[in-house]
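Just so it is clear, none of the values below were taken in a lab; they were calculated from the coordinates. Since we're looking at a predicted model, the values are computed, not measured. All Cβ positions, glycine included, derive from the backbone under ideal geometry; neighbour counts span all protein chains shown.
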Amino acid sequence: MSQAVRVEGVFKSFGELEVLRGIDLAMDDHEVACLIGASGSGKSTLLRCLNLLEPIDAGRIWIEGREITAPGVDQNAVRRGIGIVFQSFNLFPHMTVLRNITLAPTKVLGLSRQEATNRAHELLARFDLDDKAADYPDRLSGGQQQRVAIIRALAMQPDIMLLDEVTSALDPVLVAEVLDAIRELAHTGMTMVIATHEMGFARDVASRVAFLHEGRILEEGSPERIFSAPEQEETRRFLDRVIAAGRM
Amino acid sequence: MTPTDDGTSAGPPAEGRRSRLLAPLRQEGAKGVLIAMVSTLVVAAAIVYLVTSSPYWPDVKESFFNWTQFRDSFPDILEAFRRNILWFMIAEPIILAWALLLAILRSLRGPVFFPLRLLATIYVDLFRGVPTLLVVYLLGFGVPTLGIPGLPTQSAFWGMVGLILGYSAYVAEVYRAGIESVHPSQTAAARALGLSRWRTLQHVVIPQAVRRVIPPLMNDFLALQKDTALIAVVAGTLPEAFTMSQIFQQGNFNFTPILGAALCFLIITIPLTIFTDWLLERQRRQRMASV
């Protein structure tokens, strides 16, 4: 059995503020896990800990069977295998779309410019953006920028993708194109951990949903169970609020 | 290089300056322009009258605005000015590179780099705290006196080293401001792709930082061009424009050659000033457009 992600007893504080208070999580390959919960519940922090953008205070994390929190681990090597997409896109504004995508494959994986460019064009075509290759990010809509960010992460051929509220900064009309891109990724069997406020999407795409509350995973299970028959009072309250806000 | 999205980047270099100076007038229409012209004429006439009617004006005119003196000295001063340009052309690239290194050292995070960060900080604070003239003077006269074998003994060389050391401290701070203005999310995105700390600086942070600080760098550029005259205090045998004009001034007891030297600097610095203003104006408009 190959385990894509294993998280054991992870704690993380920012100064006095305890953000993660003992997170345990295990995921198999090709699973799509959606993290739901209120803002500040620790979803983003957990994702950032998974690719070592934030050092953890206690606990252990394994990715694809290798412990990434062991002392002496090459952080750059770990990150190579994990793609992350941020809420605010974070494309490099001084580079064309193509260069945004080919930078890491050429500088980190050592691909030739030609190979990297070919790979980039394939991905751009797959996500319907091939005509934007020569544009700078500020010429693109938010939805297009976010899809480029997804492609940029995919170009590194990661084992796992982490998506951090990738539609939260988008106009409602642009959300669908990004969600469609992620759905298509899920169909190809990409292992993903997705922090999201889009409950309909989570129900649709997730093989498992985890509800975070005050730095703990309060409840997890299949989307059907979490959304139709939550066991915890907090989960029910959260879902009621989401429904009241018209987000489901 | 940079995207020229809306044509604001096109246009002659004087565009930005002209619009900032004259734009308010245009809004006020023909009447405003007329008032501006009249008031300018009145002020100019008043100044000319005040100066030329002063009791000693004929003497001042004779010793500062003497055409014969100017004609006789200017070709030599202009010739000497080539040395200022040469010094500037040598010093500027070295300053740009050395200052960038200092700025990078100062912005390195992590305890391992503490000694480097500390040294760079001391360097910058020290050289910004001392008048550049003193650095030029001390090095220009001090080092050749030491007579260390293998090192050049020309005072002009060491004066230039002093100028480079002093200016690098200022330019390093300009770079550092640029580096700090690049949002941390850019670094996070680069590191998340597996780029090392150094690669992140090289490909993501520094290119963006440098682009943002080009206009303020141009200001230091300008100041350096003028301050090449500081080397004059140690470079007696290699006259540059100011020294040359002093030679004429002392020979003929007339200050007109000094004005000639000033004119040489203006020929270079005024176009640079206009260009800098244009760059700043363009950047301001781009920022407004992106908000």
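FRET efficiency for the residue A:74 to residue A:8 pair, using the beta carbon distance and R₀ = 22 Å, is estimated at 0.55.
Counting only DSSP beta bridges whose two residues both lie in the protein assembly as shown, roughly 55 percent are antiparallel.
What does the average come to when, for each residue of peptide A:81-92, you count the partner chain Cβ atoms lying within 10 Å of its Cβ? Don't skip to the answer; put the middle values down first.
Values: counts 1, 3, 3, 5, 2, 4, 1, 3, 2, 10, 2, 8.
Mean shielding by partner chains, rounded to a whole number: 4.
The modelled label-to-label distance between residue B:38 and residue B:138, using points 7 Å beyond Cα along the C-beta direction, is 5.9 nm.
Under the criterion of Cα pairs below 8 Å and six or more residues apart, the relative contact order for chain A equals 27 percent. Summary value for chain B: 29 percent relative contact order, contacts being C-alpha pairs under 8 angstrom separated by 6+ residues. When Lys and Arg each count +1 and Asp and Glu each count -1, what net charge do the other residues less than 13 Å away from residue B:180, Cβ to Cβ, add up to? Once positives and negatives cancel, what remains is +3.
Around the amide H of residue A:54, modelled in the peptide plane, lie the amide H atoms of A:49, all under 5 Å away and 5 or more residues distant in sequence or on another chain. Cα centroids of the stretch A:223-248 and the stretch B:247-272: 81 Å apart.
Got a sec? How would B:31, B:61, A:43 order by Cβ neighbour count within 10 Å, fewest to most? All intermediate terms of the calculation are to be shown ahead of the outcome.
Working: B:31 8, B:61 13, A:43 24.
Placing the least packed residue first, the sequence is B:31, B:61, A:43.
Most mobile of B:273, B:145, B:243 per a Gaussian network model of chain B (Cα springs, under 10 Å)? Residue with maximal mean-square fluctuation among B:273, B:145, B:243: B:145.
If amide hydrogens are placed 1.01 Å from N in the peptide plane, which non-local residues have theirs closer than 5 Å to the one on residue A:216? The list, which skips near neighbours in sequence, is A:21. Could you please rank B:226, A:132, placing first whichever residue has the fewest other Cβ atoms within 10 Å of its Cβ? Going from sparsest to densest Cβ surroundings: B:226, A:132.
Calculate for chain B the 222 nm mean residue ellipticity that helices alone would give, adding -39,500 (n - 2.57) per DSSP H run of length 4 or more and normalising by residue count, nearest 500 deg cm²/dmol. That comes out to -27000 deg cm²/dmol. Mean residue ellipticity at 222 nm, helices only, chain A: -11000 deg cm²/dmol; runs of at least 4 DSSP H residues each add -39,500 (n - 2.57), and the sum is divided by the number of residues.
Other residues within the sphere of radius under 14 Å centred on the Cβ of residue B:140, judged by their own Cβ, net out at -2 (K and R +1, D and E -1).
By how many nm would the segment from residue B:82 to residue B:51 lengthen if fully extended, with 0.36 nm per residue of separation less the alpha-carbon distance? Each step should come with its number before you reach the end.
Details: separation 31, 0.36 × 31 = 11.16 nm, distance 3.38 nm.
Length difference between fully extended and current span is 7.8 nm.
Roughly how many whole Å is it from the C-alpha centroid of the stretch B:166-210 to that of the stretch A:101-122? Going from one Cα centre to the other spans 23 Å. Working note: Karplus 6.51/-1.76/1.60 with θ = phi - 60° gives the stretch B:165-170 the couplings 4, x, 5, 4, 4, 5 Hz, where Gly and Pro are set to x.
Residues in the stretch A:147-157 carry Karplus couplings, in order, of 5, 4, 4, 5, 4, 4, 6, 5, 4, 7, 6 Hz; the curve used is 6.51 cos²θ - 1.76 cosθ + 1.60 with θ = phi - 60°, and Gly or Pro positions show x. Using the Karplus relation 6.51 cos²θ - 1.76 cosθ + 1.60 with θ = phi - 60°, the per-residue 3J(HN,Hα) values for the stretch A:132-143 come to 9, 3, 8, 7, 8, x, 5, 8, 9, 6, x, x Hz, with x marking Gly and Pro. Which shape class applies to the stretch B:178-259: rounded if a/c is under 1.5, otherwise prolate when a/b exceeds b/c and oblate if not, where a ≥ b ≥ c are the square roots of the Cα gyration tensor eigenvalues? Cα axes put the stretch B:178-259 in the prolate bin.
How high is the relative contact order of the stretch A:91-157, in percent, counting Cα pairs under 8 Å that sit 6 or more residues apart?
Details: 67 pairs, mean separation 32.5, N = 67.
About 48 percent, as a whole number.
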